[in-house]
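My structure is below; once you've seen it, I'll send some questions.
Values in this text are rule-based calculations from the coordinates and carry no lab data. The model shown is predicted, which means the values in this text are computed figures rather than measured ones. Positions of Cβ are backbone-derived with ideal geometry, glycine not excepted, and every protein chain shown enters the neighbour counts.
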């Protein structure tokens, strides 16, 4: 299926003011680049959250009492349900903005990277071991390069 396109529905909601943040069309473009070749169709939701909502989600689902940059929530559907729901992403705007500043990266490029990263988690990729991390990071680099975005792991 590599190289094939995907029928994709992406719902983007903003729990923070949208000024300066990527448009829904950017998230769709990044999702298409990540998911094409993996699935014939998919539905997902992306929510941009503030620090309070990000902390609450991270605490509830991961037991960590601080906001984090991206959280992935794979859909857990009964076996007899055949809708193409992939899952949800929560991206924490203040954390992402701080990281982009600290890492000297354009904000949009950092959002693209974390969107790709979160979507790969929804596809089952992980980075718990060094070999998994190396494989996942290379996949992120390849996807981002196809979008004209530099290697997010370069030190600046």
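For region 118-138, name all the residues that are out of contact with any strand residue (DSSP E or B) (no Cβ under 6 Å at 6 or more places or on another chain) and assigned to a helix (DSSP H, G or I). Write out each step before concluding.
First pass over region 118-138, keeping only residues out of contact with any strand residue (DSSP E or B) (no Cβ under 6 Å at 6 or more places or on another chain): 119-120, 123-138.
Scanning region 118-138 gives 119, 120, 130, 131, 132, 133, 134, 135, 136, 137, 138.
If I go through region 48-102 residue by residue, how many of them are in contact with a helix residue (DSSP H, G or I) (Cβ under 8 Å, 6 or more places away or on another chain) and part of a strand (DSSP E or B)?
Qualifying residue count for the region: 13.
Checking the conditions here, which among 10, 16 is touching a strand residue (DSSP E or B) at 6+ places or on another chain (Cβ under 9 Å), surrounded by 12 or more Cβ atoms within 10 Å (Cβ to Cβ) and assigned to a loop (DSSP other than H, G, I, E, B)?
Answer to the selection: 16.
Please determine whether any residue of region 35-46 is more than 24 Å from residue 141 (Cβ to Cβ), touching a helix residue (DSSP H, G or I) at 6+ places or on another chain (Cβ under 8 Å), touching a residue at least 12 places away in the same chain (Cβ under 8 Å) and not in a helix (DSSP H, G or I).
Restricting attention to region 35-46, the residues satisfying the condition of being more than 24 Å from residue 141 (Cβ to Cβ) are 40-41, 43, 45.
Keeping just the survivors that are touching a helix residue (DSSP H, G or I) at 6+ places or on another chain (Cβ under 8 Å) gives none.
No; the residues of region 35-46 include none that is more than 24 Å from residue 141 (Cβ to Cβ), touching a helix residue (DSSP H, G or I) at 6+ places or on another chain (Cβ under 8 Å), touching a residue at least 12 places away in the same chain (Cβ under 8 Å) and not in a helix (DSSP H, G or I).
Sort through 44, 89, 85 and tell me the only one that's surrounded by 15 or more Cβ atoms within 10 Å (Cβ to Cβ) and over 11 Å from the mean Cα position of the chain (by Cα).
The conditions single out 85.
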